[in-house]
Amino acid sequence: MQEPRAIEERTTSSAPKRTAAADAAAAFEEVYLLYAAKLRKIAVRKFHVPIPEAETLVHDVFATYITHAAAVRDVERYLVGAICNASRRWLKRADAADELFCGEGPCAATAGDALLDEIARKLLLSRMLAGSGSRCRALLQRYYLNGETTSAIAETMHSTPATVLVFLHKCRKRALAAYRALTERG
């Protein structure tokens with residue numbers, strides 16, 4: 001017959017041992033369960049963050065807490081401060097997006113006629129230059145946009161300034177033909 005002590009040793013040795021990582025995970029889970037609802041409530045009620053966004057903010061706060069847990073002295077104060085800061089950042093981003101995109105109503109950033117005309121002009125110009133060919137587009141860009149002289153362009157093309165002027169004339173004619181084709185069509 002076996003001694004009772006040997007049986008006791010066998011049962012205690014077969015019990016699963018908890019590791020430090022498991023203990024830490026349990027501690028984080030406990031903190032999450034204890035404070036998550038409170039943090040959500042703060043974000044939603046105090047800062048008027050929508051519930052789905054508040055969930056995301058709470059998860060971000062806890063992810064930050066997990067990475068900095070060793071330096072945190074008072075968990076509740078840390079988490080409340082973090083959710084307040086995260087909610088303020090979210091509100092700033094939401095306000096900036098509202099100012100930029102205006103939602104459904106008119107706002108200060110609503111495009112006026114001048115802006116719409118400028119956009120239409122630029123689209124027409126880009127389509128016109130695309131229709132005139134890559135060599136003409138590059139030549140017109142160098143001459144008109146970059147401000148290069150015909151002499152400088154002629155040097156890189158191994159040509160004379162007079163030849164560059166002829167090329168520019170032909171490219172302007174091509175661009176005009178592309179412009180007329182675009183405006184007659186649409």
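Please give, to one decimal in nm, the separation of the simple spin-label points placed at residue 172 and residue 38, each 7 Å out from Cα toward the Cβ.
7.6 nm
Tell me, in nm to one decimal, what length is gained between residue 122 and residue 75 on full extension, where the rule is 0.36 nm per residue of separation less the Cα-Cα distance? Spell out each step's value before the answer.
On the way: separation 47, 0.36 × 47 = 16.92 nm, distance 5.59 nm.
My answer for the length gained is 11.3 nm.
Where does each of 42, 66 land when they are ranked from fewest to most other beta-carbon atoms within 10 angstrom?
66, 42
With N set to the residue count of the range 19-101, report its C-alpha Rg divided by 2.2 N^0.38 Å to two decimal places.
That ratio works out to 1.20.
If the only charges are +1 at each Lys and Arg Cβ and -1 at each Asp and Glu Cβ, what is the size of the charge dipole of the range 113-185 around the Cα centre, to the nearest 20 debye?
In total the dipole reaches around 340 debye.
Any idea how far the Cα center of the range 165-181 sits from the one of the range 67-83, in Å?
So the two Cα centres are separated by 67 Å.
Sorted from largest to smallest, which semi-axis lengths in Å does the alpha carbon gyration tensor of the range 113-185 give for its equivalent ellipsoid, taking the root of 5 times each eigenvalue? Provide the component values of the computation, followed by the final result.
Details: eigenvalues 140, 39, 13 Å².
Over the Cα atoms of the range 113-185, the semi-axes work out to 26, 14, 8 Å.
Quick check: residue separation of residue 159 and residue 68 times 0.36 nm, minus the Cα distance between them. What number comes out in nm?
Details: separation 91, 0.36 × 91 = 32.76 nm, distance 6.71 nm.
Once the chain is fully extended between residue 159 and residue 68, it gains 26.1 nm.
Excluding residue 119 itself, what net charge comes from residues whose Cβ is under 14 Å from its Cβ, given Lys and Arg +1 and Asp and Glu -1?
Around residue 119, the charge tally is 0.
What percent do you get for the relative contact order of the range 113-185 when only Cα pairs under 8 Å and 6+ apart count? Walk me through the intermediate numbers first.
On the way: 42 pairs, mean separation 26.7, N = 73.
So the answer I get is 37 percent.
No lab work stands behind these numbers, since they all come straight from the coordinates. On a predicted model such as this, the values are computed, not experimentally measured, just so you know. Note that each Cβ is placed from the backbone with ideal geometry, even for glycine, and that neighbours are counted across all protein chains shown.
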